[in-house]
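The values are calculated or read from the model by the stated rules, or taken from the named source; none is laboratory data. Everything quoted here is computed from the prediction, not taken from an experiment. Cβ sites come from the backbone with ideal geometry, for glycine too, and all protein chains shown count toward neighbours.
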């Protein structure tokens, strides 16, 4: 029995979303029809094309081979568009995760620029600060802090960024300006919730100033920035975020300039999709364009009050 091209396209939709319900919505079908199409494809191919994973469904080895053929079918169908107007291969949904600051100041501008030339592209950005996943069904791109230990994935170093100690001018006027590492211990720290921090590379404040007590803690770096601006304490912030605010002063830059790498992780099959390859390239270019600000060289050093 030969595989039905329509069933192959259903498999492709499921592989991109990891869920039957989402694939059904994209294809304009119901969940039962998607399930029936997958069953028919497995019968035609003589084996399982999908297996259960933590985040939904992922391709088996046979399924990955079938998905490659499905992509060729999809490309051929798009080529039947209006004459004289070649189809844009950079279309469809690309799903990525990245840290809060990277998502806002690197990924979002990169995607916005890309979509001007490719309006059929849709990018879903989920903000998380965690280690790279071992199972990434339905996820095309991850951006993480620190070198990932992953299997069945491609990983490469994107660039680096620097974190520093910051305080608001009003806070320093009221509480004095720390002039040494030891003097920081009398001030509250604004940073991640220690018990919920999943990335070992981000433990610098507890390592460098272990006696510094927590003031405001959050899993979101934008909360760190705003709490620091509001005078909640001294924030350990990415310089490319802290330097955007003239009301923040960077403290002790010689002692506190924690340099950390951003890494990108991709599913092995993701880069075969033109849309994913285009997003990857756009993000890399945005990182390069923002290299100075990422490294804390984005503005003239602040002068404390």
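Considering (1) crowded, with 19+ Cβ neighbours inside 10 Å; (2) closer than 22 Å to residue 276 by Cβ; (3) in contact with a helix residue (DSSP H, G or I) (Cβ under 7 Å, 6 or more places away or on another chain), the lone condition that residue 37 does not fulfil carries the number (2). Apart from one condition, residue 223 fits all of (1) closer than 25 Å to residue 146 by Cα; (2) surrounded by 16 or more Cβ atoms within 10 Å (Cβ to Cβ); (3) in contact (Cβ under 8 Å) with a residue 24 or more places away in the chain; (4) within 25 Å of the chain's Cα centre (by Cα); the exception is (3).
Given 76, 44, 112, 53, which one is more than 19 Å from the chain's Cα centre (by Cα) and at pLDDT 85 or above?
Being more than 19 Å from the chain's Cα centre (by Cα) and at pLDDT 85 or above holds for just one of 76, 44, 112, 53, which is 44.
Here residue 115 passes the criteria (1) touching a strand residue (DSSP E or B) at 6+ places or on another chain (Cβ under 8 Å); (2) touching a residue at least 12 places away in the same chain (Cβ under 8 Å) except the one numbered (2). Screening 60, 129, 97 for residues that are within 30 Å of residue 261 (Cα to Cα), touching a strand residue (DSSP E or B) at 6+ places or on another chain (Cβ under 8 Å) and at pLDDT below 90 leaves exactly one candidate, 129.
Among the listed residues 12, 50, which satisfies the condition of being crowded, with 18+ Cβ neighbours inside 10 Å, in contact with a helix residue (DSSP H, G or I) (Cβ under 8 Å, 6 or more places away or on another chain) and more than 23 Å from residue 278 (Cβ to Cβ)? Exactly one residue qualifies, and that residue is 50. A count restricted to the range 93-123 and to residues that are in a strand (DSSP E or B) and either surrounded by fewer than 15 Cβ atoms within 10 Å (Cβ to Cβ) or outside the structural domain of residue 144 (by TED's automatic domain parsing) (or both) stands at 1.
For the range 202-212, the count of residues that are outside the structural domain of residue 50 (by TED's automatic domain parsing), surrounded by 16 or more Cβ atoms within 10 Å (Cβ to Cβ) and at pLDDT 95 or above is zero. In the same structural domain as residue 151 (by TED's automatic domain parsing), closer than 30 Å to residue 149 by Cα, at pLDDT below 95 and surrounded by fewer than 22 Cβ atoms within 10 Å (Cβ to Cβ) - does that describe any residue in the range 239-255? Yes, the range 239-255 contains a residue that is in the same structural domain as residue 151 (by TED's automatic domain parsing), closer than 30 Å to residue 149 by Cα, at pLDDT below 95 and surrounded by fewer than 22 Cβ atoms within 10 Å (Cβ to Cβ). Restricted to the range 158-200, and to residues there that are free of Cβ contacts under 8 Å to residues at least 60 places away in the same chain, under 25 Å from the mean Cα position of the chain (by Cα) and not in a loop (DSSP other than H, G, I, E, B), the residue that is nearest to residue 148 (Cα to Cα) is 200.
A quick yes/no check of all residues on (1) within 15 Å of residue 102 (Cβ to Cβ); (2) surrounded by fewer than 21 Cβ atoms within 10 Å (Cβ to Cβ):
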position	(1), (2)
218	no, yes
272	no, yes
276	no, no
284	yes, yes
294	yes, no
